[in-house]
Amino acid sequence: QVQLVQSGAEVKKPGASVKVSCKASGYTFTSYDINWVRQATGQGPEWMGWMSPNSGNTGYVQKFRGRVTMTRNTSISTAYMELSSLRSEDTAVYYCARALYDNYGFYYSWGQGTLVTVSS
Amino acid sequence: DIVMTQSPDSLALSLGERATINCESSQSVLYSSNNKNYLAWYQQKPRQPPKLLIYWASTRESGVPDRFSGSGSGTNFTLTISSLQAEDVAVYYCQQYYSSRTFGQGTKVEIK
């Protein structure tokens, strides 16, 4: 079955960077975009952008451009999301997610989430 | 950006009652070329990722109980739980994927 497994919780200081990994299994990694969604406590989810594991192409929400980088290592079926210049407002659970089919923007498979805490 | 607004923010109902959650988008999410509404619904329980319930506004995801149904078109959508069960206690989100992707603020469903 499709599974996305993320790296563990992180605590970072303001101004630092964090890199979250998402290992895919149960399907052909290069066939579906990996999307990243974050969710602050008590808030609705917020889509950050997508990456094509096949081509490496990316698309980032305007809000995150210049601070976010999405990459992949196809040999180990793993996607990465790096967020730099962290501030307290970036404290959230970060999820990777995959579409059900044809890379339409609704997500049926999600990672378990990675809590990123930004605190001095 | 398309803004998604849900109502109510929370509701408390008795077991077996019907739950109705509304979602309004700031612009239409109906794509005229294929007549599909680019609208999904998710259920989220504490410490879990969102779970896809409905896509294309009314298509139930495989394995989702048939007490969950979605309706609406254009800018106004509804998620209905026909007979509320204890396991339905959760926060529900609508999401548009017509232009970028944006989620509603959530509706918390509790048992009275």
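The values are calculated or read from the model by the stated rules, or taken from the named source; none is laboratory data. These numbers were taken from a predicted model, which means no experiment stands behind them. Using ideal geometry, Cβ is built from the backbone for each residue, glycine included, and neighbour counts are taken over all protein chains shown.
Residue A:103 falls short on exactly one of the conditions (1) over 27 Å from residue B:37 (Cβ atoms); (2) within 14 Å of chain B (Cβ to nearest Cβ); (3) in contact with an Asp or Glu (Cβ under 6 Å, 6 or more places away or on another chain), and that condition is (1). Annotation: residue A:52 fulfils all but one of (1) without any contact (Cβ under 8 Å) to a residue 40 or more places away in the chain; (2) within 14 Å of another protein chain (Cβ to nearest Cβ); (3) over 27 Å from residue B:3 (Cβ atoms); the unmet one is (2).
Restricted to strands (runs of 3 or more DSSP E) entirely inside segment B:66-112, those with at least 3 residues that are at the interface with another protein chain (Cβ under 9 Å from one of its Cβ atoms), crowded, with 21+ Cβ neighbours inside 10 Å and at pLDDT 95 or above are B:90-96.
Restricting attention to segment B:17-55, the residues that are surrounded by fewer than 16 Cβ atoms within 10 Å (Cβ to Cβ) and in a loop (DSSP other than H, G, I, E, B) total 12.
Restricting the first member to segment A:18-46 and to residues that are more than 12 Å from every other protein chain (Cβ to nearest Cβ) and touching a residue at least 12 places away in the same chain (Cβ under 8 Å), and the second to residues that are surrounded by fewer than 20 Cβ atoms within 10 Å (Cβ to Cβ) and acidic (Asp, Glu), the beta-carbon pairs closer than 6 Å and six or more apart or on different chains are A:18/A:10; A:19/A:82. Is it fair to say residue B:56 is on the phi > 0 side of the Ramachandran plot and of a type outside the set (Lys, Arg)? Yes.
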